[in-house]
Amino acid sequence: RDAGASAVDEIAYAVATGIAYLRALAEAGIEAPKAFPHIEFRISATADQFLTIAALRALRALWARVGEVCGVPESERGARVHAVTATRMFTREDPWVNVLRSTIATFAACAGGADSITVLPYDTIAGLPEKFSRRLARNTQIVLADEANIGRVTDPAGGSYYVEDLTRDVATKAWAVVQAVEAAG
């Protein structure tokens, strides 16, 4: 995503890569039900909170479909997702704005169901982060995920017409890309 891919592309290529891993593991003698819990997706979280939430939800839906086709038991089809705040949304000229952007991205990652989140320090774009910025990044995820209890709700955006519709749209477009990748071999 930091190189310019859209949310749809990021999700689609992540799922296509997951499918390739499943194939490689199957060739090595590890069947999908055993391999599934060992595959983790690293996805960008951006200040576009609704798109981030929808992308994470779409990834989970597509990966669950892959698990269904591969014979993975329903209770074990969940995607393990590690969200990372995107450097593409950061600005070098006014790094303090990056604090707000990271907070929104972290909220969206929590609401989208990320299993783990890495919040990049606000001054990462300018080089080696300072001690204060690293502490602030750590505290951002602690406050949002633990103290605000956002991460404890199963699907906080579920039922929202806008998020549900956006999730469906991202999933449909991403699945089309996955199918194109699969058709291309």
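The values are calculated or read from the model by the stated rules, or taken from the named source; none is laboratory data. Computed from a predicted model, the values in this text were never measured in an experiment. Cβ coordinates were reconstructed from backbone atoms using ideal geometry, including for glycine residues, and neighbour counts include every protein chain displayed. Note: areas computed on protein heavy atoms with side chains; ligands, DNA, RNA excluded. Shrake-Rupley method; radii C 1.70, N 1.55, O 1.52, S 1.80 Å.
Looking only at residues in region 134-143 that are under 12 Å from V99 (Cβ atoms) and surrounded by 20 or more Cβ atoms within 10 Å (Cβ to Cβ), the one that is modelled with the lowest pLDDT is T140.
The set of residues from region 159-185 being open to solvent by less than 50 Å² (accessible area, probe 1.4 Å) and without any contact (Cβ under 8 Å) to a residue 24 or more places away in the chain comprises just one member, S160. Taking region 59-111 as the range and being open to solvent by 10 Å² or more (accessible area, probe 1.4 Å), hydroxyl-bearing (S, T, Y) and closer than 22 Å to T17 by Cβ as the test, only T87 passes.
Of all residues in region 112-133, those that are part of a helix (DSSP H, G or I) and open to solvent by 20 Å² or more (accessible area, probe 1.4 Å) total 5. Summed over region 81-117, residues that are over 15 Å from I53 (Cβ atoms) and either more than 14 Å from the chain's Cα centre (by Cα) or modelled with pLDDT of 95 or more (or both) total 18.
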